[in-house]
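For reference, the structure discussed in these notes is given below.
Throughout, read-outs are computed from the coordinates displayed, never taken from laboratory work. For clarity, every value in this text was computed on a predicted model and none was experimentally measured. Heads up, the Cβs are rebuilt from the backbone with ideal geometry, glycines too, and the neighbour counts pull from every protein chain shown.
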Amino acid sequence: MPRPEVLDWLRKRFFPHMWCPGCGHGIIMHAILRALVDSGKKREETVIASGIGCSSRMPGYIDSCTIHTTHGRSLAFATGIKLANPELTIVDVMGDGDCTAIGGNHFIHACRRNIGITAVVMNNNIYGMTGGQASPTTPPGARATTAPYGAIDPPFDVCKLAQGAGATYVARATIAQPVLCEQYIKNGIANKGFSVIEIISSCHTQFGRKNNRRTPVDNLNYFKNNSVPLSRAQSMSPVDLEGKIVTGEFVKREAPEYTELYRSLVERVGGGK
Amino acid sequence: MSRVEFWQGNVSLAYGAIAAGCRFFGGYPITPSSEIAEVMAEEMPACNGRFIQMEDEIGGIAATIGGAVTGYKSMTATSGPGFSLKQENLGLAYMAEIPIVVVDVMRGGPSTGLPTSIAQQDVMQARWGTHGDHATIAYAPSSVQECYEVAIKAFNMAERFRQPVLIMSDEVLGHMREKVIVPDKETLAIVDRKKPSCSPEEFIPYRPDPEDNLPPMASFGDGYRWHITGLTHNEWGFPTNCPEEIAKKSARLMDKVNAYRDEIVEYETENVEDADVIVVAYGSVARTALSAVRHARDKGLKAGYFRPVTLWPFPDRELEPLAEKAGRLIVPELNFGQMVHEVERAVHGKAAIAQMSLVNGELFQPSEILEKIEEVAG
């Protein structure tokens, strides 16, 4: 049962939610809310932004300032909001298709700018809402409605993408590690710049049913059995790491945050007067 | 004190926007609109406003909407290809009722077309570009002075009606330099969006006030918590499949322009009272048309001039009686016929309409329109 102060963040008027029973996204929403509460955030000063997809319905259920935008574009909206009011805490929740396919450009540029937004990428390897089509994170060989013979596309590694593009906090956990999810989101919120927390989630309805993970429990067990913490992964060979989910904090570094750079610019040109 | 400047249309438009209170600009470079972004890049930081060059056109309008929901008067500017790219998020601003101003400095199309040449091929896209029914407010300025003025009007309308407002400028206007009389700031009528007067606990974000059928708008960060979505939603801003709620929301999106149509519509006329033939033209073409009409008058022909300042809503009721009286209209456009269909609709067959199309990257010559007037009048 969620704590009362966490329950306060739910927009109860809008329930019931539209996620399937057993969906992994609820675990992530709970982790986000615990992280916000424990970070001392206020609902009036917190923005939850999203694009389109199952994961992107989350802002509707959260009683803060919430914006459900167009497919893939949430980070561009969030960038405008953060630039307009840097005092706001912004958590941008995205699915794998939203983040790495249609929204890939906004994702890498938000990383590059290092703007103070926390992106929570809920990666369930599939387009769930539209009926189980392959996404850029569908593992090769996995089946989807648009990959009936198994996917042949090489997948994106969200964390490597974020690291390469300049994000200053990058971490990965699975829904089988809810405490770790919460901790990483908290660390991401505490980071002044752009943070990416990839959370491996499950869609037993669309992905699992075609890939021998029919039930929610199948998926949790799969994540438990196939996750490797970064500390252990560093001493493993690429062959041993094949098909494994490496969890941990990949990037923690300091760099100037975008809205602070902008504020300096305003001061430099005398606009603050 | 008013002052005089010698500005390009794009520069004038940018300063008009700033005078209207624009303090957020999100954009992406594109010819022939880039000077607007360049002025904003210089001026926004200098007045503690916000400027951001986004990674693409889609991001440009997305960030602009983000600025608007955070309380800023926000604008983006683009041209043909970029206007196409912005259409989806433009739709979100209609649905979510977010006030923004979008400038399209029209160039030739389709596709990359003619980046440095004038056209008027986007005027129907302005009306119907984004999918789904919505009511459009679009201005077509025809002088550098008017670029300044419509920028202020566009912001006032956007703020008042909580919706996007378009400015359909064109390449010639954008790059032409003319004298601009910059009015004294104190003389400007500036409209700011209606804010909720209730407490955050009582706030229902999309419940319209009974007196004007328009909902007040809170800003992210000012104490109110609310949900924004592009899904069709109820008064709480939450997605709905309830037919009554869908019908109510959809109708209100149309009504907020239709009900105030007379206050929004603007047009200009010259010599229409006794005219036998009226030239209906907008944007840069209207300048050529006016010159031709005056020449025709010098020659003793009873020619008149009608210029829609708002393309949408179109001044149909205003044009109809004049058209009926004159009996003949000429509609020159830099496209193969777009607003001419709206003119046909407006006059209900009460006047003969001669269409003039030019699609070669250039403006009409006054002599070409004059010849048409002579042909039609004779």
Fill in the blank from the handout: Simple spin-label estimate for B:Val4/B:Val359, 7 Å along Cα→Cβ, in nm, reads 4.2
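Need one value for B:41-51: mean number of C-beta atoms belonging to other chains within 10 Å of its residues' C-beta atoms. Provide the component values of the computation, followed by the final result.
Values: counts 0, 1, 2, 5, 11, 7, 6, 8, 3, 7, 3.
Counting Cβ atoms of other protein chains within 10 Å of each residue's Cβ and averaging gives 5.
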Handout entry: Cross-link reach list, lysines versus B:Lys179, counting only Cα pairs under 28 Å and skipping chain neighbours closer than eight places
Key = B:Lys73, B:Lys153
Completion exercise
chain A, Gaussian network, Cα under 10 Å: of A:His106, A:His17, A:His30, the residue fluctuating most is A:His17
Problem - Phi to ³J(HN,Hα) by Karplus 6.51 cos²θ - 1.76 cosθ + 1.60 over the stretch B:225-239, Hz, x for Gly, Pro - result: 10, 7, 10, 10, 8, x, 6, 4, 9, 8, 5, 7, x, 9, x
Exercise for the section: For the stretch B:238-257 and the stretch B:30-73, write down the distance between their C-alpha centroids in whole Å. Expected result: 31
Exercise for the section: For a footprinting-style exposure proxy, rank B:Trp236, B:Trp312 by other Cβ within 10 Å, fewest first. Expected result: B:Trp236, B:Trp312
Handout entry: J(HN,Hα) series, the stretch A:120-133, from Karplus relation 6.51 cos²θ - 1.76 cosθ + 1.60, nearest Hz, glycine and proline x
Key = 9, 9, 8, 9, 10, 6, 7, 8, x, 5, 8, x, x, 7
Handout entry: Residues of type lysines that B:Lys325 reaches as a straight line, Cα spacing below 24 Å, ignoring anything fewer than 8 places off in the same chain
Key = B:Lys299, B:Lys302, B:Lys350, B:Lys372
Practice task
Any of B:Lys185/B:Lys249; A:Lys42/B:Lys256; A:Lys12/B:Lys195 with alpha carbons more than 29 Å apart? Name them for me.
Solution key: B:Lys185/B:Lys249; A:Lys42/B:Lys256
Practice task
Would you pull out the residues with amide H under 5 Å of A:Val246's amide H, same chain only if 5 or more places away, H placed 1.01 Å from N?
Solution key: A:Val228
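Which order do the peptides A:5-13, A:118-126, B:34-42 come out in when sorted by mean C-beta neighbours inside 10 angstrom, highest first? The partial results should precede the final answer.
Values: A:5-13: 14.6, A:118-126: 28.4, B:34-42: 21.3.
Result, highest mean Cβ count within 10 Å first: A:118-126, B:34-42, A:5-13.
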Fill in the blank from the handout: For peptide B:18-27, the mean count of other chain Cβ atoms within 10 Å per residue Cβ is 1
Practice task
Hey, can you grab everything whose amide H is under 5 Å from the amide H of A:Thr168? Only 5+ residues off in sequence or another chain; H modelled, so Pro and N-termini drop out.
Solution key: A:Phe194
Problem - Loop chymotrypsin sites (Phe, Trp or Tyr not before Pro), the stretch B:93-147 (other Cβ atoms within 10 Å of the site Cβ: 11 or fewer; DSSP) - result: none
Problem - For chain B, alpha-carbon Rg over 2.2 N^0.38 Å - result: 1.00
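Work out the FRET efficiency for B:Lys248 and A:Thr130 from their Cβ-Cβ distance, taking R0 = 25 Å, and round it to the nearest 0.05. List each step's numbers first, then the result.
On the way: r = 28 Å, r/R0 = 1.13.
Rounded to the nearest 0.05, the efficiency is 0.35.
Need one number: % antiparallel among DSSP beta bridges in chain A, to the nearest 5.
Numbers: 8 of 37 bridges.
DSSP beta bridges in chain A are roughly 20 percent antiparallel.
What is the Å³ per residue value for the convex hull set by the Cα atoms of the stretch B:3-187?
Values: hull volume 18.2 nm³, N = 185.
In the stretch B:3-187, the Cα convex hull volume per residue is 99 Å³.
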Handout entry: DSSP beta bridges in the stretch B:3-187 [antiparallel fraction, %, rounded to 5]
Key = 30
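Starting from the coordinates of the alpha-carbon atoms of the stretch B:267-377, obtain the Kirkwood hydrodynamic radius over all distinct pairs and give the value in Å to one decimal. Walk me through the numbers on the way to the answer.
Details: mean 1/r = 0.0748 Å⁻¹.
The answer is 13.4 Å.
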Fill in the blank from the handout: Output field shielding_mean for A:83-89 (other chain Cβ, 10 Å radius) holds 6
Problem - Residues of the stretch A:50-82 with amide N under 19 Å of a point placed 7 Å along Cα→Cβ from B:Lys194 - result: none
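If the viscosity is 1.002 mPa s and the temperature 20 °C, what Stokes-Einstein diffusion coefficient in µm²/s follows for the protein assembly as shown when Rh is the Kirkwood radius over Cα pairs?
Working: Rh = 26.4 Å.
Translational D for this selection: 81 µm²/s.
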Exercise for the section: Using amide H atoms built 1.01 Å from N in the peptide plane, name the residues 5+ places from B:Asp170, or on other chains, whose amide H lies under 5 Å from its own. Expected result: B:Met106
Handout entry: Average silhouette area of chain A, convex hull of alpha-carbon atoms, in square nanometres
Key = 14.7
Exercise for the section: Could you go through the stretch B:157-162 in sequence order and give the Karplus-derived ³J(HN,Hα) for each residue, using 6.51 cos²θ - 1.76 cosθ + 1.60 with θ = phi - 60°, rounded to whole Hz, and x for Gly and Pro? Expected result: 5, 4, 5, 6, 9, 6
Fill in the blank from the handout: Connecting every pair of Cα atoms under 10 Å apart in chain B and solving the GNM, the largest mean-square fluctuation among B:Asn241, B:Asn271, B:Asn213 falls on B:Asn241
